[in-house]
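Taking it in order: structure first as structure tokens, then the write-up.
The values are calculated or read from the model by the stated rules, or taken from the named source; none is laboratory data. Values in this document were obtained by computation on a predicted structure and should not be read as measured data. A quick note on method: Cβ atoms are made from the backbone with ideal geometry, for glycine too, and the neighbour counts reach across all protein chains shown. Please note that ligands, DNA and RNA were not included when accessible areas were found on the heavy atoms of the full protein model with its side chains. Shrake-Rupley method; radii C 1.70, N 1.55, O 1.52, S 1.80 Å.
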Amino acid sequence: MSTLTPEILSTLEAQGIELPSWAFGNSGTRFRVFTTPGTPRDPYEKIADAAQVNRFTGLAPSVALHIPWDKVDDYADLRRHAEDLGVKLGTINSNTFQDEDYKFGALTHHDERIRRKAIEHHFECIDIMNETGSRDLKIWLAEGSNYPGQNDMRGRQDRLQDSLQQIYARLSDDQRLVLEYKFFEPAFYHTDVPDWGTSYAQVAALGDRAVVCLDTGHHAPGTNIEFIVMQLLRLGKLGSFDFNSRFYADDDLIVGAADPFQLFRIIFEVIRGGGLNSPDVAFMLDQCHNIEKKIPGQIRSVLNVQEMTARALLVDREALDAAQEANDVLTANAIFMHAFYTDVRPALADWRESRGLPRDPMAAYAASGYQEKIEAERVGGVQAGWGA
């Protein structure tokens, strides 16, 4: 008998997880970018690879682009290419961390020429959004300082707000600005957007269409990420997730690999706060597959998110509410843990098969011949990603 009710299956059917184009290109550690056979040679091939993930899982209907990594001459043509493959173009991610001018900052820089250059880059990203049909402009800033006294931290926050105001004003009424945070790297003394509170303070001053991106790998050890999820949902400012896993820092590993229970707890709070399948909360992966094959890595990732979503939907909310109100600590915890320990994989396999999807997407992809085909056809692919 299935562990998943028709109501749960209906909820799962609506789930979509956006894939990052850069996950299919070459990437690596701080020390080397490793090459892999079959690496895409251009954004068109990245999207073709992403479409394979959706083909075998039904979970990945859109692909995020990174500018300038994914620049093309004709974005309308790239959009048609994606749609012909059964996916759409999603979030546009800006890049102000690989240009020599941005060594000491971009949107926060005291040099007006450099700051203007960074703002204009985001205007270009918005122009691309208008062609691709994208809703979200995601901004992550590798900005800050390494030493006390190096910079005026307050002045940088003021300049950041002014820069974001200009970018926000350029958006159309149906587009959003999504500000990501990260507590360190590559700035080690202070980072300009180090935590959810700073991101929230910045976007709250912009308007309703400015929201926070929560990357699950961008926190100090021991951080209660699900509390942050709860708070941002409560405030109406959680705009998107970048799902990945970390052991030490921003490892960008397959989501759920390091701590599946944490992923379960996060998704439970998403459900509790009304964020699951909400148009206001985008699920996305942000991962670098350095040693594993990239398409199977993304397949495994979206399946992990789906599995933990199914488990979180199994929590008996009525019984949990009663136990919490009675201060019955052990019963409340047992109800929570029972859902987490429930093996939903057989039920999910049955359900996939009933929808015309493979019972085992990983095995089906391995047997499809696609990996061997791209490894034979693509020579010299270096699309990135880092170090391109």
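A compact table of results
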quantity: Dipole magnitude of the chain, debye to nearest 20 (Cβ charges: Lys/Arg +1, Asp/Glu -1, about Cα centre); calculated: 320 debye
quantity: Sequence of Arg154, Arg170, Arg352 from largest to smallest accessible area, 1.4 Å probe; calculated: Arg154, Arg170, Arg352
quantity: Loop chymotrypsin sites (Phe, Trp or Tyr not before Pro), region 12-121 (other Cβ atoms within 10 Å of the site Cβ: 10 or fewer; DSSP); calculated: Phe31
quantity: Listed residue pairs exceeding 32 Å between alpha carbons, taken from Lys71/Lys182; Lys117/Lys373; Lys103/Lys373; calculated: Lys117/Lys373; Lys103/Lys373
quantity: Three-way shape label, region 20-98, alpha-carbon gyration tensor, a/c 1.5; calculated: oblate
quantity: Debye, to nearest 20: dipole size of region 67-215, +1 on Lys, Arg Cβ, -1 on Asp, Glu Cβ; calculated: 320 debye
quantity: Unit charges at the beta carbon, dipole of region 208-260: most positive-side option, Ile228, Val255, Ser245; calculated: Ile228
quantity: Gaussian network model of the chain, Cα within-10 Å springs - most flexible of Val212, Val87, Val329; calculated: Val329
quantity: Per residue accessible area of the chain, 1.4 Å probe, in Å²; calculated: 44 Å²
quantity: Gain upon complete extension [Phe261, Gln324; 0.36 nm per residue less C-alpha separation]; calculated: 20.7 nm
quantity: Only Lys, Arg (+1) and Asp, Glu (-1) charged, at Cβ; region 216-330 dipole about Cα centre in debye; calculated: 280 debye
quantity: Helical contribution to [θ] at 222 nm, DSSP H n ≥ 4, -39,500 (n - 2.57), averaged over the chain, rounded to 500; calculated: -14000 deg cm²/dmol
quantity: Region 140-150 - phi-based ³J(HN,Hα) in whole Hz, Karplus 6.51/-1.76/1.60, Gly and Pro as x; calculated: 10, 10, 8, 10, x, 9, 9, 9, x, x, 5
quantity: Ranked order, Lys117, Lys71, Lys138 - accessible area, probe 1.4 Å, largest first; calculated: Lys71, Lys117, Lys138
quantity: Computed FRET value (nearest 0.05) for Gln161 with Asp101, which takes r as the C-beta separation and R₀ as 22 Å; calculated: 0.60
quantity: Contact order relative to length of region 91-143, as percent, for alpha carbon pairs under 8 angstrom and 6 or more apart; calculated: 54 percent
quantity: Neighbour-limited loop hits for trypsin sites (Lys or Arg not before Pro), region 1-60 (at most 12 other Cβ within 10 Å; DSSP other than H, G, I, E, B); calculated: Arg30, Arg32
quantity: The chain: most fluctuating residue of Phe123, Phe227, Phe264 per GNM, C-alpha cutoff 10 Å; calculated: Phe227
quantity: Simple spin-label estimate for Glu353 and Glu7 in nanometres, 7 Å along Cα-Cβ; calculated: 2.7 nm
quantity: For the chain, built as a Gaussian network whose Cα springs stay under 10 Å, the top-fluctuating residue of Lys293, Lys88, Lys237; calculated: Lys293
quantity: Cα shape, the chain, gyration tensor, a/c 1.5 rule; calculated: oblate
quantity: Region 116-221, accessible surface, carbon-and-sulfur percent (1.4 angstrom probe); calculated: 50 percent
quantity: Mean separation of Cα contacts under 8 Å, 6 or more apart, over the residue count of the chain: relative contact order %; calculated: 22 percent
quantity: For a label point 7 Å along the Cα-to-beta-carbon line of Met337, residues of region 201-242 with backbone N under 16 Å; calculated: none
